[in-house]
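Just so it is clear, none of the values below were taken in a lab; they were calculated from the coordinates. Computed from a predicted model, the values in this text were never measured in an experiment. Cβ placement follows ideal geometry from the backbone for every residue including glycine, while neighbour counts extend to all protein chains displayed.
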Amino acid sequence: MAGSRSTVRNTLARLLLLSGLALHSLTAGALDTSLPAAIDLRAESEQAGRQNGPLIILFSRRDCKYCETVRRDYLLPLTTSAGYRNRVVVRQINQDSDAVLINFRGETTTHARFANSEKIKLVPVVAFYGRNGKQLAEPIIGTRLPDFYQGYLDDAIEKSASALRGR
């Protein structure tokens, strides 16, 4: 009897451990909503230009729950969508970060200083850039109405693509 209790306890312990590991993997994957951080805006805008699309930048902050919503629900899907993944380059600039950044003129700055130079006060802001830092469409400020946000994003991308084609 003592042997069977020990076997049951060991089996239960293994099942709990496995279910805990499975839950951890699921939640870890679900929580990864990061976008690539901007590193070299000049090179990243050139890459977007070669794809005939804009460099899309999410100006964000670490503590911004609205930024998380925009990142997770709208911008991350662009990076995997067949209609957009080869047309746009999506990056993030953190308004509260001292991470090094090369600006559109090839000068070294930080995420925070660049956001300040772009007059970013409130976040989230989604901005659309062409080569040399030219803004191609009006930035999307805030989260606006969730039911229409994808439409705002699609319109800004199309306006950006038209500006790049010279229309």
Under 5 Å from the placed amide H of residue 136, counting only residues 5+ away or on other chains, we find 128, 129, 130
Relative contact order, percent, of the range 41-165 when contacts are C-alpha pairs under 8 Å separated by at least 6 residues?
32
Counting every Cα pair in the range 34-80, what percent are over 12 Å apart?
66
Compute the signed sum of charges (Lys and Arg +1, Asp and Glu -1) over the other residues within less than 10 Å, Cβ to Cβ, of residue 90.
+2
Kirkwood-based Rg to Rh ratio, the range 41-165, C-alpha trace
0.94
Derived scalar couplings ³J(HN,Hα) [the range 114-127; Karplus, 6.51 cos²θ - 1.76 cosθ + 1.60; whole Hz; x for Gly, Pro]
5, 4, 5, 5, 8, 6, 7, 9, 10, 10, x, 10, 10, 10
Eligible lysines near residue 65 by straight Cα distance, threshold 24 Å, same-chain separation 8 or greater
119, 121
